[in-house]
Amino acid sequence: MSTATTLPSWNTSTVFSSIEGDDFRAAREDWAARVEALEGMLDASWGKDDPTALASFLQALNEALEAGRTIGAYIQCFVSTDSRNEAALAAHSEMQPWMARMRKLNARLVSWVGSVNLEAAMENAPALVEHEFVLRRMAKEAQHQMSMPEEALAADLDITGGSAWSRLRDNLTSQLGVTVKFPDRVERMTMTQARNLAHRRDRGERKAGYEAELETWQEHETVFAAAMNSIKGQVLALCRRRGWNSPLDETLFYNNMDRESLDAMLTAARESLPTLRRYLHAKARAIGLERLAWFDLFAPVGAEDAWEYDRAQQLVRERFSQFSEKMGALASRAFQENWIDVPPKDGKRDGAFCMGLRDDESRILLNYEPTFNWVGTLAHELGHAYHNLCLSRRTPLQRMTPMTLAETASIFCEQIVRRSVLEDASDEVALAILEDALRAANQTVVDILSRFQFESRCFEGREARELSASEMRAIMVEAQRDTYGEGLDDSSLHPYMWAAKPHYYSSSRSFYNFPYMFGLLFGLGLFAQYQRSPQAFLEVYDDLLSSTGMADAASLAARFDIDIRAPDFWRSSLNVIAQDVERYESLVASL
């Protein structure tokens, strides 16, 4: 297992000297002054049909958003890697009232835009035209606003409400100690390390990690249930007050996506379940089982080498460079400038993410282990960084990409790495690479369907009352049985996946699940376009990525002659996965 002493951590010294440094303190004071200035501008102009004043406010807002992004990301660099860092936690806490003030500013801006004749405003102030999509969406959002005092109160209460519950969940999870009872020993480790045991070849070790994980979640289930109930209750209350029919309708709006597109995608995904269950059965045969248990889902198959981080870096850099010089340069820069915090460690949050830091610069968090799955994750997160690079020429308001389209570049970059390796691989290595690709597809289609179903049921139940931890467990298991079906042993599912996934614990965004499916299938569709006509694709791809905050999903897809409101597009993407399943079955049969 790779250790924190041999893998790089991200570099923050190029941003500020330290979390307690004078330069950081000065930047925070400057940002606070910008926020106060914005409040003054709104006080003077709010509600007036004054296009020039609106254009001036948007310029000042963009400047404040850019400064705030850097400060927020810098703080996140510390709190996400060390949940015991008191100085960083204090800085994070001090930011919350200011973030609430920014949410209030946004609410007032939305109301202002809703009262303006946008057609006339853009004629009189051409500077508004570059933000036309954002402004038109704000005008629609204005129809779902509470009164300004109510919106201000909601922003204030979120600090000690939904956002506080979310922070509690993240901090608790990062500090959980897990006692794993291996067949021949007992070890104490972090939750991240225990969950990473799912990738071990030894079934006894996988099972030991799974059982220890469930036992630890159960010990703290009351806290997780309380957090879930509080956050979902807050979301429902605000949805009702704002006139949304449901949290899903609100989520679709903020994802620049319509229900027709979602239904088309989910229809195709459900049709694909029998194919993905064939993969699960073939995997069971490959590792000598009659049927997979939950803790077998991530078991390696095939002759997979140890993918040490240096080797992963080299592969990603080479494959990115083969796609384009610009993408290869981005990967090289990220490695050379230490944008990536690589190793798992105590106090560090689970999983992986990428965040924009400043200009075209990002920071990436991993919990790297030497498996090809983590090579794919590295490519995925660097795909987000490439997306940030393409977005850097836009204003912050133009860069506000919804979750659906935010996964476009990351999934595409995964495909670049995975499929290029697969082309030249021997049968044994190809089996391992296909296993990794299908394991990811299974998570993104089958497991995402289960998460979508769980969250839908959770909202339905929370409408009437709080749900107990046992009820959440039951809803989770039911969703897994419905989606995995006979592909898994239903006596060993994961009743605490609702506690393990941080995506459920957000008061500002619900259904943080189907966007991943959208990203995978949209990315597969784009990759197919690239394979058919590489040069033509390259000419428009970067512009597409730079525009993901400036058009709805259907309009952006139409640039590639893709109709996302029709199931046929999604079926064609899923057919790529079906072809992988066929090859996987053939390779398993030849073992």
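What the table shows:
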read-out: Test: residue in the range 493-511 that is under 14 Å from A406 (Cα atoms), at pLDDT below 95, of a type in the set (F, W, Y) and under 23 Å from the mean Cα position of the chain (by Cα); value: no
read-out: All positions within the range 393-410 that are at pLDDT 85 or above, in a helix (DSSP H, G or I) and either closer than 18 Å to A284 by Cα or open to solvent by less than 10 Å² (accessible area, probe 1.4 Å) (or both); value: L405, T408, A409, S410
read-out: A90 being out of contact with any strand residue (DSSP E or B) (no Cβ under 6 Å at 6 or more places or on another chain), among the small types (G, A, S) and open to solvent by 20 Å² or more (accessible area, probe 1.4 Å); value: yes
read-out: Out of A385, A437, sole residue that is small (G, A, S), touching a strand residue (DSSP E or B) at 6+ places or on another chain (Cβ under 9 Å) and either within 22 Å of E369 (Cα to Cα) or outside any helix (DSSP H, G or I) (or both); value: A385
read-out: Every pair of residues 6+ apart whose Cβ atoms lie under 8 Å, when the first sits in the range 238-250 and is at positive phi while the second is open to solvent by less than 50 Å² (accessible area, probe 1.4 Å); value: G243/H144
read-out: Counted residues, the range 528-568 - those being in a helix (DSSP H, G or I) and either out of contact with any Phe, Trp or Tyr (no Cβ under 6 Å at 6 or more places or on another chain) or under 15 Å from S261 (Cβ atoms) (or both); value: 23
read-out: Residue that is modelled with pLDDT of 95 or more, in contact with a Lys or Arg (Cβ under 6 Å, 6 or more places away or on another chain) and among the small types (G, A, S), where the choices are A284, A329, A293; value: A284
read-out: Helices (runs of 4 or more DSSP H) within the range 80-184 that include 2 or more residues more than 28 Å from the chain's Cα centre (by Cα); value: 86-114, 118-124, 148-160
read-out: Single condition V301 does not satisfy, out of (1) more than 25 Å from the chain's Cα centre (by Cα); (2) open to solvent by 10 Å² or more (accessible area, probe 1.4 Å); value: (2)
read-out: The range 350-372, residues that are within 16 Å of N196 (Cα to Cα) and surrounded by 22 or more Cβ atoms within 10 Å (Cβ to Cβ); value: L365, L366, N367, Y368, F372
read-out: Which numbered condition D341 misses (of (1) open to solvent by 10 Å² or more (accessible area, probe 1.4 Å); (2) modelled with pLDDT of 95 or more); value: (1)
read-out: Complete set of residues in the range 22-62 that are open to solvent by less than 20 Å² (accessible area, probe 1.4 Å) and more than 17 Å from L118 (Cα to Cα); value: F24, W31, A32, V35, L38, L42, L61, N62
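The values are calculated or read from the model by the stated rules, or taken from the named source; none is laboratory data. The shown structure was predicted, so the numbers you read here are calculated from the model rather than taken from an experiment. Heads up, the Cβs are rebuilt from the backbone with ideal geometry, glycines too, and the neighbour counts pull from every protein chain shown. Surface accessibility is based on the protein's heavy atoms, side chains included, excluding ligands, DNA and RNA. Shrake-Rupley method; radii C 1.70, N 1.55, O 1.52, S 1.80 Å.
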